[in-house]
Structure formats: structure tokens, C-alpha cells
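The values are calculated or read from the model by the stated rules, or taken from the named source; none is laboratory data. None of the values given here were measured: they were computed from a predicted structure. Cβ atoms come from the backbone with ideal geometry, glycine included; neighbour counts cover every protein chain shown.
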Amino acid sequence: MRALSLSAGLLALSSLCLPLHATAAPGVGLPPAPQQEADQPDWLIKAANTLPHPRQVAWQDLGLTCFIHFGPNTFTGVEWGNGFEDPEVFQPGEEMDAEQWVRVAKDAGMKMMMITVKHHDGFCTWQTRYTKHSVASSAWKDGKGDVLRELSGACEKHGLLLGVYLSPADLYQIEQPGGLYGNLSKKTTRTIPEKVAGARPFPEGHRTFTYDGIDDYNAYMLNQLYELLTEYGPVHEVWFDGAHPKRKGGQTYNYDAWFDMIRELAPDAVIAIKGPDVRWVGNEGGHGRANEFSVLPIAPDGKETWADRTAADLGSRAVLKRAHEQGMDFHWYPAEVDTSIRGGWFYHAREDGHPKMGLQRLINCYFDGPGNNGVFLLNVPPDRRGLFHETDVAALQNFGRYIKQTFKTNHAAGARAYVSASRNGHGPDLLTDSDDQTFWQLPEGHNRGWVQLDLGEPKTFDVVDLRESILTQGQRIEAFTVEAHTEGKWREIGKGGTVGHRKALRIDQVTAQHVRIHITSGRSNASLHSVGLYDRPLILSTPDIKRDRKGMVTISAPAGAVIHYTLDGSDPTPDSKRYNKPFELKDKGVVSAVAVDPNNTGARSDVTIGRFDVSPTKWSILVRSSDQENAGEAADNAIDGDPSTIWHSRWRPDKPAHPHMIAIDFGETLKLKGFSYLPRAEDHKTGCILGYKLEVSEDGRAWQAASEGEFQNMTNNPAYREVSFDKTHKARYMRLISTSAINNSPHASAAEIGVITE
């Protein structure tokens, strides 16, 4: 019998499920087969065999989608409307162009457009038959405009999918006489769609649905869902937000009827956020978990309410074991990671030229979304012209180029693979065969194993991209490490937890010919669909601009980078003034800075813009009330120009809750147009102010109310806020009174409090 070659012999042994102890290449050995975990419990095997629906896999394959918030709030400058908006306020310019949205999104790598067809204010941006609070009552295009129609046509033309966000909350239907929300109407049998006198008819022979137990508002939602799903082309995602600025009449939602209609009219559409297909990641900052599990416990027998999942651990063994003991089921429930390219979800002119999301933050969100077993839903709000603003377009273009360049060349393509063992028919050659339907898998009883790649020659990379075959094998990998053979020895270069649909792990750049992935913990017999090795293009982190209480501006940047800046609002270039040391800026001003690679590579960072009002040089805290601060968290920290220090009220048994107050003496009289509030870092929300009163005084004795309300959407997006007053106030003193905090915290806190002057 002819002797097998070394490589052929290794592959043959692999297919026989035997461990490999041979040599992959001169001087580079293969490790022994790892010791396997003892028999795994039935509930863990059940979790390993919990699979997604094909529509969920198709949704995860999208990776990156575009969110569109566009409505009356675009023109009123608020995040949450109140339901009393005049439809006439919705007036996009003649240049409005949904095709521009789609083209820009597509160039950035986005594959679906998700649009808010009705936000919490209740205004509808399509030609609905069921309310006059819509584009039909606006002078825009003589009442014949239809935002959704234009976007649907643009998506079809350019090959992108369409999703719709329909808010269950509806302030118009709450606030208006005769409104349907919470009107205590009887629950009856309703046939959908319902006819409306004088409205355009549905096509002859159109499909109808009959549901029992439907009140007026649920019928309203069902009628509008019918329009959206039958008259605007294929819909691939339906988004039900859980936010509720206000409720009325004990209104409940008949989700079962809503879901049934979606399944019948749009079977390929995932039902997101308050539905069974896609869950909200739990924050609006674009952050995923270190371990983003797709298999989660749910209530049995159809009793699951699809509440938001915000805990740090949703699907570990400890969580699954406890759920199993409580009689719960397991369900495939992947995460959607959402955030906005701007500070808010709707366009606000004050943010022009000062985007929240530069290239580095967009990249981080990408690796926390599609690179971390999720989908990244990035909001890009059109401006009042009806266009993506130039600043946002430039950011998206940079982002799209970066992602395309990063994943252009897979250095693992065609590599020779060796494995600790294989299940018959699922050998190591399937790891690098570029076939989406194939995968390597460990034999039954093997939950740990390794893959070793010979790249043929040394390759440079700093991203390790792993993917499981979730459609047929679910999510099984719980932990892994990555090694590279460099300088004559193996060393660990990275590690991670869950993989699922995809885990793109960023590491320090390494050059190696031999790479090894150890699956150190898995459920049942773990598998991998593919391994990718990629090299990220060089970028520089954006400079950080700070001004201290003395009015001194400091700009910091990555080690070795050169900083250039301007003070006239223009974008800095390598020819602009070079930053060498802190400089004074006590008055209002704009500082723009860029970091440049001094090695003539042409690499530069995004431009950072710091907008400053009057310096707090003369400011002081007034004599404090009985509500003292904790040690190290004094009120002075709120005016020191350092966001890393905070003011925090002290818990006291005799004064356990709000109001809490911080009062400032400006040391001079200012003309105040508003104030700003920066909460403490997002990961620590304790005391983040929700309800507030802002009072001003000229003498410190007689106080006048300047503003009162709530910071909109602060619970989900605890970020910098600016509040404009109805009129300008002359004042030497200002006090911020906290009337409530998010998550019902009894405390109040602030990183920085500032002013907006005339």
C-alpha cells in the first residue's frame, strides 16, 4: 500500500475523529487533543440545539443597517414631540431626496433602511387612511407627499431592503379629543382593513383579517400595519419601540394580532424589539456585551411578553441552568445594537459640524454589532432640507471605506487547516473553502478542540474573524483563545467568549505563518463555519479637547501624533497651527483639532470640535443646603471642566429622595439663553437627572424659573443635553434642581453643568 503524504495523512486522521500529534511544518508542532468536559447536562445540550429561523439568519447576514428618524421633531428641534404639533411644521425642502439617503447608506455598506413612519408624537409620514395627523395635512407637496413611498422606491432601485418603525406610543391619539389611545372602547371582533368614508379604496379582492378582542387603538394599529405591509413593497423588519412618554386609560396592546398579521403579510420580516425575532441590545450607545448570547430563556407556553433584556448576562450556563429549573424554554433571540451618528435621534441644527460619531466610534460600534454576534443599526437623521447633512455623509464615507478596506483581503483564504478532531463529513478543509453552507465540527462528545492554520508564508493581521454555522448548528462556542507562532514560539495574541453568527476580534498587529484557535469551552460538539484573518488600515484616534476651570485648553492625541488646530471654526490641516502646550480661552469659542501621523503616511484622525461658552473661571458654588455631597464628589466637580469628576448627592435617611439642588455664582452678570448638563459616564447611571427645574437670580435671593421639564430619552441615552430658555435672562446666579432621576434613583449627580449665553 502506498504511504500517505504527511498532509493527506493528517486530514485522513481528522476525518476519523482521531487527535493529531504530527508536525504541520518544520519546527512548528501540533498540540495534543484537549481534555474534554464531562457529560454536559441535557439543558445545555438543548441550548446548543436551539436554532434560529431562516429569517433571523438572513437578518443577521445584513450586518449593518440604516435608521432614519424624520418627522415634526426634525423641524421643532426636540427628541420627543407632544402630540400637539401642527402638521404644517413638517416642511422638507424641495431638494429632499430619499435616493441620497439610500446611495450614501449603500456606499457605507448598509443593506437595509429602517424608517420611523410614526414616532411617539403620532404623526404619520405616509398617506394613511386612518388619521389626518399625517403628511396629507401638510402643505408639503400640496398634501400629496409620502416619505415612505419615496424611500421604498429608492430602496427598490438601489437594491436595499426596507424596514418600518411604528411606535405603539401615540401622543396625538392620547391628547386629542376623540383620540383612540386609552379611550376605554369595548373589545369586539374587527375585520381589518376597515373602510374609511371618502378614503381611497383597497383593491378589489384584497385580503382581510378577522380578530376578536380588539379595541379602537389596536384596530388603528392593525389598519396601519396593513397599509404598510401591503402598499409599500416588501418589508423586512417591523420595529415596535418600548418607550412611552405618556400613557392613558390602561391601554394594552394585542401583540398576538399584530404579530399574526406581520407573519401572514410579511413572512420574511423580523419583528424587532417588542417581538420574538430581535431584541434590543439594552442601550442606545452602540455597545454590545462581552458575551452576546443568542439563546436566551423565555417564559413557556406562549406567556413570554418580550420585555427588554438589559442585564449584563443573558445566556450563560448559570442563567440557563436557573431558567431550566424554573421551567422556562429556550429561544433564539439575537441582539440589535443601535445608536445615532448624532447626539439625538432627530436632526438638530446645533450639532452641525460637531458629530457625536467620528470614525473611531463608528468602528467600535461595528465591532460591537456585526463583529459581536449582532446587527448594527446606525441612525442617520435627515436635516430640514430632507438630506443627510454633509458632515454625516463625510463620516459615513470614511466609515464605509475603512470597513471595505479592512475586510478586503482574507489572509486565511486557502490556508491549510489542521484540527484536533472532526466529525465525519465536516473536516478542516471546510474552514477555508469559501462555501457558506459548509462547516468544520468536532465529533460528538467533544466540546473543546483546536484549529491550526498554515498560511503558507508569514502574513500580517490584526483581526481574527470567526463564524459559526448558526442556521443548522446554533451557537455553541463559549470561549476561545488565539495563538500565533512568532520568534520561534507560540504566544497568545487574543481571546474571546461567544462567537455565534460572527466574532471579529481586534488584536495587536502580528506577523505569522502559523495561527491557532483553541475552543476552550463549548456546548455539545462545537463547530466553526470559517476563520478569517484581516489587517486594518492605519487610523489615528481623534484628539481630546478639554478646558479647565481656569480657561486653559488642553488637546491630547495618540502617542507620537502631531496635533494641529484652529480657532475660527475652519477644519484644521497639517498647515494649521501646531499644538504644543495648553492655551487660554476664557470667552466663547470653537477649537477644532486633528491628529496627523508625523511619518508622512498621510494618516490623520477625524476632526474634533470643542465648543465652549464663557469659562467658569469666576464661578463658585453657593453655600450648600443640608443636602451635602459624598466625600470626593463635591459640587465644585460640576464646574471644573473635567468630565471624569462628578458631583453626587449623599444618601441620607432623613432626606432620601428629590429634590436635590446645586447652585452656582457666576461672579458676574451673564445673559443666559440656556444651560447644559453632562451626566456622569454612561456605565454609571446612578443619579443621572431626569426631571429638573432651572432657576436664575440677579441677587441670590429672589429666584425666577427659567426652565422646567424632563431630559427626553435620558434613561436609554444618558448623554450631554442642552436646554434653551424661552427668553434671555440676566442673571448672576443659577441653580439646577433635580426633581427625579432615571431608574427611580433617589440621588442626583452631574459631571458638568454649563451655560449658553447670548
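The residues listed here are 131, 125, 116, 50; of these, the one that is within 21 Å of residue 343 (Cβ to Cβ) and polar (S, T, N, Q) is 116. For the range 329-347, the candidate set comprises residues that are assigned to a loop (DSSP other than H, G, I, E, B) and buried (at least 19 other Cβ atoms within 10 Å of the Cβ); within that set, the residue that is nearest to the chain's Cα centre (by Cα) is 341. Looking across the range 61-73 at every residue that is buried (at least 21 other Cβ atoms within 10 Å of the Cβ) and in contact with a helix residue (DSSP H, G or I) (Cβ under 9 Å, 6 or more places away or on another chain), the one that is farthest from residue 334 (Cα to Cα) is identified as 72. Regarding residue 710, is this residue modelled with pLDDT under 95 and touching a helix residue (DSSP H, G or I) at 6+ places or on another chain (Cβ under 8 Å)? The answer is no for residue 710. Just one of the listed residues (73, 49) is at pLDDT 95 or above, among the polar types (S, T, N, Q), outside the structural domain of residue 107 (by TED's automatic domain parsing) and under 27 Å from residue 278 (Cα atoms), and it is 49.
Going by the structure shown, is residue 450 surrounded by 23 or more Cβ atoms within 10 Å (Cβ to Cβ), under 17 Å from residue 514 (Cβ atoms) and assigned by TED's automatic domain parsing to the domain that holds residue 514? Answer is yes for this residue.
For the range 575-600, a residue qualifies if it is touching a residue at least 24 places away in the same chain (Cβ under 8 Å), farther than 25 Å from residue 758 by Cα and exposed (fewer than 14 other Cβ atoms within 10 Å of the Cβ), and exactly one does: 598.
Being assigned by TED's automatic domain parsing to the domain that holds residue 122, part of a loop (DSSP other than H, G, I, E, B) and out of contact with any Gly (no Cβ under 7 Å at 6 or more places or on another chain) is a condition met by no residue of the range 205-214. Going by the conditions given, is residue 265 touching a residue at least 40 places away in the same chain (Cβ under 8 Å) and within 30 Å of the chain's Cα centre (by Cα)? For residue 265, the condition - touching a residue at least 40 places away in the same chain (Cβ under 8 Å) and within 30 Å of the chain's Cα centre (by Cα) - is met. Go over the candidates 104, 117, 89 one by one and state the one that is modelled with pLDDT of 95 or more, buried (at least 24 other Cβ atoms within 10 Å of the Cβ) and not small (Gly, Ala, Ser). Checking each option against the conditions leaves just 117. Of the strands (runs of 3 or more DSSP E) entirely within the range 682-758, those holding at least 2 residues that are buried (at least 16 other Cβ atoms within 10 Å of the Cβ) and basic (Lys, Arg) occupy 721-741.
Selection of the range 231-247 for residues being in contact with a helix residue (DSSP H, G or I) (Cβ under 6 Å, 6 or more places away or on another chain), farther than 27 Å from residue 283 by Cα and modelled with pLDDT of 95 or more yields only 232. Of the residues screened, residue 308 is not one that is on the phi < 0 side of the Ramachandran plot, in the same structural domain as residue 171 (by TED's automatic domain parsing), of a type in the set (D, E, K, R) and within 25 Å of the chain's Cα centre (by Cα). Is it the case that some residue within the range 349-372 is touching a residue at least 40 places away in the same chain (Cβ under 8 Å), touching a Pro at 6+ places or on another chain (Cβ under 8 Å) and crowded, with 19+ Cβ neighbours inside 10 Å? There is no residue in the range 349-372 that is touching a residue at least 40 places away in the same chain (Cβ under 8 Å), touching a Pro at 6+ places or on another chain (Cβ under 8 Å) and crowded, with 19+ Cβ neighbours inside 10 Å. Of the candidates 286, 282, 250, 275, the single residue that is of a type outside the set (D, E, K, R), under 19 Å from residue 378 (Cα atoms), out of contact with any helix residue (DSSP H, G or I) (no Cβ under 6 Å at 6 or more places or on another chain) and assigned to a loop (DSSP other than H, G, I, E, B) is 282. Does residue 417 satisfy being part of a strand (DSSP E or B), more than 22 Å from the chain's Cα centre (by Cα) and either under 30 Å from residue 517 (Cα atoms) or outside the structural domain of residue 110 (by TED's automatic domain parsing) (or both)? So residue 417 passes the test. Pairing each residue of the range 713-736 that is closer than 27 Å to residue 699 by Cβ and not assigned by TED's automatic domain parsing to the domain that holds residue 670 with any residue that is part of a strand (DSSP E or B) and not hydroxyl-bearing (Ser, Thr, Tyr), provided the two are 6+ apart or on different chains, yields no C-beta distance under 7 Å. Taking the stated definitions as given, is residue 322 over 30 Å from residue 108 (Cβ atoms), charged (D, E, K, R) and not in a loop (DSSP other than H, G, I, E, B)? Spelling it out, residue 322 is indeed over 30 Å from residue 108 (Cβ atoms), charged (D, E, K, R) and not in a loop (DSSP other than H, G, I, E, B). Taking the numbered list (1) touching a Pro at 6+ places or on another chain (Cβ under 9 Å); (2) in a loop (DSSP other than H, G, I, E, B) in turn, residue 516 passes all entries but (2). Just one of the listed residues (585, 622) is in contact with a strand residue (DSSP E or B) (Cβ under 6 Å, 6 or more places away or on another chain), assigned by TED's automatic domain parsing to the domain that holds residue 641 and over 27 Å from residue 364 (Cβ atoms), namely 622. A single member of 268, 260, 308 is part of a loop (DSSP other than H, G, I, E, B) and under 29 Å from residue 200 (Cα atoms), and it is 268. One residue stands out among those in the range 377-398 that are in a helix (DSSP H, G or I) and under 21 Å from the mean Cα position of the chain (by Cα): the one that is surrounded by the fewest Cβ atoms within 10 Å (Cβ to Cβ), which is 397.
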